[in-house]
Amino acid sequence: MKIGDNMNYIPIYLIENNQKIVLIGQGKPILDKIEKFQAFSNSLIFLCTNQHQEKVAQCEMILIDESKWKQYVEAFSPRFIIQSGVSSSIAKQIYDYCMKSQIEINTVDQPSLCSFIMPVIFEKGKFKLAMSSSGASPMMAKLLMQNIGEVIPDSIDVMLDWLCEVRPYLKETLKLDFPEWKMLQKELCMYMLKLNRPLTTEELNVFIKRYQKQ
């Protein structure tokens, strides 16, 4: 069976709300995860299993014996756990505990010991795009994301703000059924991407008049 064949993921963004995230282990991979999460959470706890591990800024770091992981996890009651650099037996123990306790778990480079994966994220203002290889090759996802990110227009924030502003007006004015509403949004977005800017009032009125006649 290939990696990812038996995995069904729910593609959602969660609102963080300062939910506790516990990271267990040592090494560069776990430090990369900490750096990634620091942009989204102020409630990171690093249970470090290596006394020689470098200090991590903006993250509560506690030196532990990896065999004592459970008492710390129970004390902090996290919503998410990420682990890397622990022994295979401990990694399986932590995964089994999380499954029983309804804690979401990610084991770096071990998709079979994950209840969630961490996609590559591209951000430009309000626009956020996530991509994953289902654990097969994070580097492939990262390289593809870099190529995709190059085609996202610099004006994306201005266009998104405009769409957010006009959507309630269009809904109230046109009162379209769902298929027509989707088609209108698609046409507006495609036209804006072609122009690389929001529509003028005159251009928007052309769309409105066309859909009023349907």
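The values are calculated or read from the model by the stated rules, or taken from the named source; none is laboratory data. Remember, predicted model here, so these are calculated numbers, not experimental data. Positions of Cβ are backbone-derived with ideal geometry, glycine not excepted, and every protein chain shown enters the neighbour counts.
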Discussion item. When you check Ser133 against the structure, is it assigned to a loop (DSSP other than H, G, I, E, B) and either modelled with pLDDT under 90 or assigned by TED's automatic domain parsing to the domain that holds Ala39 (or both), yes or no?
Written reply: yes
Response to the item:
Within the stretch 186-213, residues being without any contact (Cβ under 8 Å) to a residue 12 or more places away in the chain and part of a helix (DSSP H, G or I) number 11
Discussion item. Just to be sure before I move on: is Ser115 in contact with an Asp or Glu (Cβ under 9 Å, 6 or more places away or on another chain), assigned to a loop (DSSP other than H, G, I, E, B) and at pLDDT 90 or above in the structure I sent?
Written reply: yes
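Find the residue count for the stretch 38-59, including only residues that are hydrophobic (A, V, I, L, M, F, W, C) and within 15 Å of Phe76 (Cβ to Cβ).
6
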Worksheet item: Which residues, counting only those in the stretch 77-101, are under 14 Å from Lys20 (Cα atoms) and surrounded by fewer than 16 Cβ atoms within 10 Å (Cβ to Cβ)?
Response: Ser77
